[in-house]
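Novice: I have a structure I would like to understand better, so I am pasting it below and will then ask my questions one at a time.
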Amino acid sequence: MIRINENYTKLKASYLFADIAKRVNAYVAANPSKPIIRLGIGDVTEPLPQVCRDALHAATDELGQRATFKGYGPEQGYAFLRDAIAQHDYAARGCKIESDEIFISDGSKCDCGNIQEIFSHDVRLAIPDPVYPVYVDTNVMAGRTGANVDGRYQGITYLECTPANGYVPAVPSVATDLIYLCFPNNPTGAVATKAQLAAWVAYAKANKAIILFDSAYEAYIRDPQIPHSIYEIEGARDVALEFRSFSKTAGFTGTRCAYLVVPKTVVAYDVAGNAHPIHALWNRRHSTKFNGVSYPVQKAAAAIYTEAGKQQTGALINHYLANAKLIRDAMTKLGFSCVGGDNAPYIWVNTGRDSWQFFDTLLNQAQVVCTPGAGFGKCGEGHVRISAFNSRENVETALARIAAALK
Ligand SMILES: *Cc1c(COP(=O)(O)O)cnc(C)c1O
């Protein structure tokens, strides 16, 4: 008799986006003449930069000629892209990352989900709350947690992100082995300082732990004091892996390209206490289970690192950041305390009331969709996430309606 992986039955069904859709659809059915503006989504809205489109076309034409046709590429990614990343994302910031420490993939979501496979079944997890759900759910699937009791899985050390700590968690008092951090953060938009990240690196060293650092939103950082990479912290090369994606940097959510940095100096231990470089394990896993990102997409990603590419992606991100500033200023003026929006495309609004109740108010009185914070974890209650991913016109209209509804 074929059996299921029963860990899947522990997963809390994610009702968040289904519940939002249900409420929005009901409102639209009852009020067909009132157009909705969606500031709830975590997906980009503006078109792919011209340099990327040109690169896609040119690479496609190469594949159409026998002399330049390409079949399977290297599983880890083409050297032209890995070299560009090492030079522009790391060497330019004073971080020592070699090209062969960079693994190209089709998304950070997959990388975040896949990486935990190379670690022991019984590693102790530290995961923020509120959080991007992938970190928790993939570990539940792998059987690293107990049951979900009251919205929390047994066996996870939750790192609470609250108004009291400015939504940046301090290191826990207990030892853990695998630590998930994401800055600039989704959903809160909070950023971590060098000193805050240095404390995490020191904690990881002291506990022989590994930090999984998700910096999907690093391109939104504008404050020159805020680190873009965990490798700007002394010693991070020994204890941290870094996830980066072109999704939010260059509008690649539908095009699909990302990378994982695995320094050769990061180790984990076998049962006898012998150290093993994670790089070799990940290389084995990646080349066994993945056959590389398509050549045209890697060419499109590499185009971002040209002068024209930097200018075009910079303009794209400035557009979203200008939206974010409008949103944060408007919500602050209405009397709410907010984080995010200055170095991130998300604004985390402390609503002072139930997050679904606030969601309903915005939907019914302003026809604006946000995301209730409770959907991201216990500590998200009382908050909503407003996303800057939209046109200027939609953001301005939404904010005028919110101001009229809440004043
Ligand atoms: C959007 C996002 C990513 C990127 O995922 P892709 O699979 O590369 O599109 C990674 N982490 C977080 C927290 C995100 O919000």
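The values are calculated or read from the model by the stated rules, or taken from the named source; none is laboratory data. Being a predicted model, the structure only gives us computed values, none of them experimental. Because the Cβ atoms are built from the backbone with ideal geometry, glycine has one as well, and the counts that use them run over all protein chains shown. Note: accessible area is taken over every heavy atom of the protein model, side chains too, but ligands, DNA and RNA are not part of it. Shrake-Rupley method; radii C 1.70, N 1.55, O 1.52, S 1.80 Å.
Novice: Answer yes or no: is there a residue in segment 31-40 that is among the hydrophobic types (A, V, I, L, M, F, W, C) and open to solvent by 50 Å² or more (accessible area, probe 1.4 Å).
Specialist: The answer is no; no qualifying residue exists.
Novice: For segment 325-359, how many residues are open to solvent by less than 10 Å² (accessible area, probe 1.4 Å) and among the hydrophobic types (A, V, I, L, M, F, W, C)?
Specialist: Matching residues across segment 325-359 total 8.
Novice: Can you tell me which of (1) more than 23 Å from Pro133 (Cα to Cα); (2) within 24 Å of the chain's Cα centre (by Cα); (3) outside any helix (DSSP H, G or I) is the one Val395 doesn't meet?
Specialist: All conditions pass for Val395, except number (3).
Novice: Does at least one position in segment 371-386 carry a residue that is open to solvent by 50 Å² or more (accessible area, probe 1.4 Å) and in a strand (DSSP E or B)?
Specialist: Checked against the condition, which is being open to solvent by 50 Å² or more (accessible area, probe 1.4 Å) and in a strand (DSSP E or B), segment 371-386 yields no hits at all.
Residues checked against (1) more than 30 Å from Ile156 (Cβ to Cβ); (2) open to solvent by less than 60 Å² (accessible area, probe 1.4 Å); (3) not hydroxyl-bearing (Ser, Thr, Tyr):
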residue	(1), (2), (3)
Arg3	no, no, yes
Asp19	no, yes, yes
Leu81	yes, yes, yes
His88	yes, yes, yes
Ala91	yes, no, yes
Ser105	no, yes, no
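Novice: May I pose another question? Quick check, is Leu81 more than 30 Å from Ile4 (Cβ to Cβ), within 14 Å of the ligand (Cβ to nearest atom) and either touching a Cys at 6+ places or on another chain (Cβ under 7 Å) or in contact (Cβ under 8 Å) with a residue 24 or more places away in the chain (or both)?
Specialist: No; evaluated as a whole, the condition is false for this residue.
Novice: To continue, here is another question. Filter segment 209-261 down to the residues that are more than 11 Å from the ligand (Cβ to nearest atom) and among the basic types (Lys, Arg), then identify the one that is surrounded by the most Cβ atoms within 10 Å (Cβ to Cβ).
Specialist: It comes out as Arg237.
Novice: Check whether at least one residue in segment 153-173 is within 13 Å of the ligand (Cβ to nearest atom) and in the same structural domain as Ala258 (by TED's automatic domain parsing), and report yes or no.
Specialist: no
Novice: Within segment 287-311, take every residue that is closer than 19 Å to Tyr90 by Cβ and of a type in the set (Ser, Thr, Tyr) and give me the one that is most open to solvent (accessible area, probe 1.4 Å). Write out each step before concluding.
Specialist: As a first pass, look at segment 287-311 and keep what is closer than 19 Å to Tyr90 by Cβ: 298, 301-307, 309-310.
This time we only want the ones that are of a type in the set (Ser, Thr, Tyr), so: 305-306.
On the way: Tyr305: 23, Thr306: 64 Å².
The extreme case among them is Thr306.
Novice: Further question on the same structure: Please state which one of Thr145, Thr138 is within 22 Å of Arg256 (Cα to Cα), polar (S, T, N, Q) and in the same structural domain as Asn283 (by TED's automatic domain parsing).
Specialist: None of the others qualify; the one that does is Thr138.
Novice: Identify, please: which residue in segment 177-208 is open to solvent by less than 10 Å² (accessible area, probe 1.4 Å) and within 26 Å of Asp122 (Cβ to Cβ) and is, among those, nearest to the chain's Cα centre (by Cα)?
Specialist: By that ranking, first place goes to Cys182.
Novice: Can you find a residue that is assigned by TED's automatic domain parsing to the domain that holds Arg385 and over 19 Å from the mean Cα position of the chain (by Cα) anywhere in segment 337-346? Reasoning before the result, please.
Specialist: Going through segment 337-346, the residues assigned by TED's automatic domain parsing to the domain that holds Arg385 turn out to be 337-346.
Those still in the list that are over 19 Å from the mean Cα position of the chain (by Cα) too: 337-338.
Yes, there is a match, as at least one residue in segment 337-346 is assigned by TED's automatic domain parsing to the domain that holds Arg385 and over 19 Å from the mean Cα position of the chain (by Cα).
Novice: Of all residues in segment 69-78 being more than 21 Å from Glu307 (Cβ to Cβ) and out of contact with any His (no Cβ under 7 Å at 6 or more places or on another chain), which is least open to solvent (accessible area, probe 1.4 Å)? Show your work before the answer.
Specialist: Here is the first cut: in segment 69-78, the ones more than 21 Å from Glu307 (Cβ to Cβ) are 69-77.
From what is left, the residues that are out of contact with any His (no Cβ under 7 Å at 6 or more places or on another chain) are 69-74, 77.
On the way: Phe69: 128, Lys70: 68, Gly71: 51, Tyr72: 189, Gly73: 23, Pro74: 54, Gly77: 3 Å².
Checking each candidate, the answer is Gly77.
Novice: A further question follows. May I ask you to verify whether Asn165 is open to solvent by 20 Å² or more (accessible area, probe 1.4 Å) and touching a residue at least 60 places away in the same chain (Cβ under 8 Å)?
Specialist: No.
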